1. Cut-off is 10 Å between beta-carbons; in what order do HIS38, HIS216 appear when sorted fewest neighbours first?
2. Evaluate the distance, in nm, between pseudo-label points positioned 7 Å from the Cα of ASP156 and of THR107 along their respective Cα→Cβ axes.
3. Quickly rank 187-194, 53-60, 255-262 as a protection proxy: mean count of other C-beta atoms within 10 Å, highest first.
4. Just subtract the alpha-carbon distance of ALA129 and LEU57 from 0.36 nm times their residue separation and send over the number in nm, one decimal.
5. Along the charge dipole of segment 141-216, which of LEU144, SER207, GLY177 sits closest to the positive end, that is, farthest toward it, with unit charges on the beta carbon of Lys, Arg, Asp and Glu (+1, +1, -1, -1)?
6. Quick one: what are the phi-derived ³J(HN,Hα) couplings along segment 224-234, Karplus 6.51/-1.76/1.60 with θ = phi - 60°, whole Hz, x for glycine and proline?
7. Magnitude of the Cβ-charge dipole of segment 125-249, K/R +1 and D/E -1, about the Cα centre, nearest 20 debye?
8. Using the Cα gyration tensor of segment 64-216, with a ≥ b ≥ c the square roots of its eigenvalues, what is the shape: rounded (a/c below 1.5), prolate (a/b larger than b/c) or oblate (neither)?
Amino acid sequence: MKTGFQYGGQAVIEGVMMRGRECLAVAVRKEGGDIVVHKEPVGMLGKKYPFLRLPFLRGMVALGEAFTHGLKALLFSANQLLEEGEEEQSLTPTETVVMIGTAFLLTVVLFVLLPLGLRSLVSRLTAAAFWLNLAEGLVRALILVLYIVLVAQLKDIQRVFAYHGAEHKVIHAYEAGEELTLANARRHTTLHPRCGTSFLLFVVVVSALVFSLLGHQTVAARIVSRILLLPVVAGISYELIKLAGRRSDIFLIRWLSAPGLWLQRLTTREPDDAMVEVAITALQAVLAEDEWAAAKITPMRKEEGEMPVIA
């Protein structure tokens, strides 16, 4: 049954992660065709500290949780494929740390250091702090688009983007109040106003506006301020993306959402039936968990009998 909660997720390697009120579920199709599902609880900080669910604060929390859970989901999916045929082939802790460190370093170089470096070129044309900071933000937006265009050329990434499209189709079917079937999901678009791609674009645009108000700073102060203000930017962007998902009937909201939807044409592909089935499996897993939680019944593990839990 459809509720007011906004379900969503992300694509992973050969699978989809969906997040619900009580848990997230990662569904991955293994090489043999079987779908394996992993579930774990979410939203623990918000439940422990209710004030973190307030507007703007919840965006900061959501950013941290999205990174943490998203990384875990990606590692789970990668390990499922690495384990195909042989045991003990999953990523080691060292390999995981190296992967995270490399991703973080690449992010800092592309979206902090490079825009600041190109900003110095603009400073030859104008000394006005507002225009320099705004130009830096526009460069950051251009880097984001170019980065997506480049990675979209990779065959493996194209499959991930197809799973991304499957995730959106299934969410659309659910939000339309339809039964979660392959035929129903197939009819929907691969674009969604509450997508993470749109969120990233909102972050880039909002950061350009926020940073443009900071005035003149030293290079060190610019780097520190960009990092420290990221939670604030994320909080504002989160509220905008939530609004876009709820009030797409308002012209201004549709106008603000349009660039993100255009960008999603690069980060989504039309999925095949097998991919849509994986996305349906992931969403059904979190919906079942939420239904049991709403009834105040604790699901039991398979070995305990009663309700089976896929894990």
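1. Values: HIS38 21, HIS216 11.
Listed from fewest to most nearby Cβ atoms, that is HIS216, HIS38.
2. For ASP156 paired with THR107, the spin-label model returns 2.0 nm.
3. 187-194, 255-262, 53-60
4. Values: separation 72, 0.36 × 72 = 25.92 nm, distance 2.86 nm.
Going from the current span to full extension adds 23.1 nm.
5. LEU144
6. Per-residue couplings from phi come out as 5, 5, 5, 6, 5, 8, 4, x, 5, 4, 5 Hz.
7. Numbers: 12 positive and 8 negative charges, 30 e Å.
Once rounded to the nearest 20, the dipole reads 140 debye.
8. Details: a/c = 2.73, a/b = 1.50, b/c = 1.82.
Because a/c hits 1.5 or more and a/b fails to exceed b/c, segment 64-216 counts as oblate.
None of the figures in this text is laboratory data; all of them are computed from the coordinates on show. Owing to the predicted nature of the structure, the values given are computational and were not obtained by experimental measurement. FYI the Cβ positions are ideal-geometry reconstructions off the backbone, even for glycines, and counts take in every protein chain you see.
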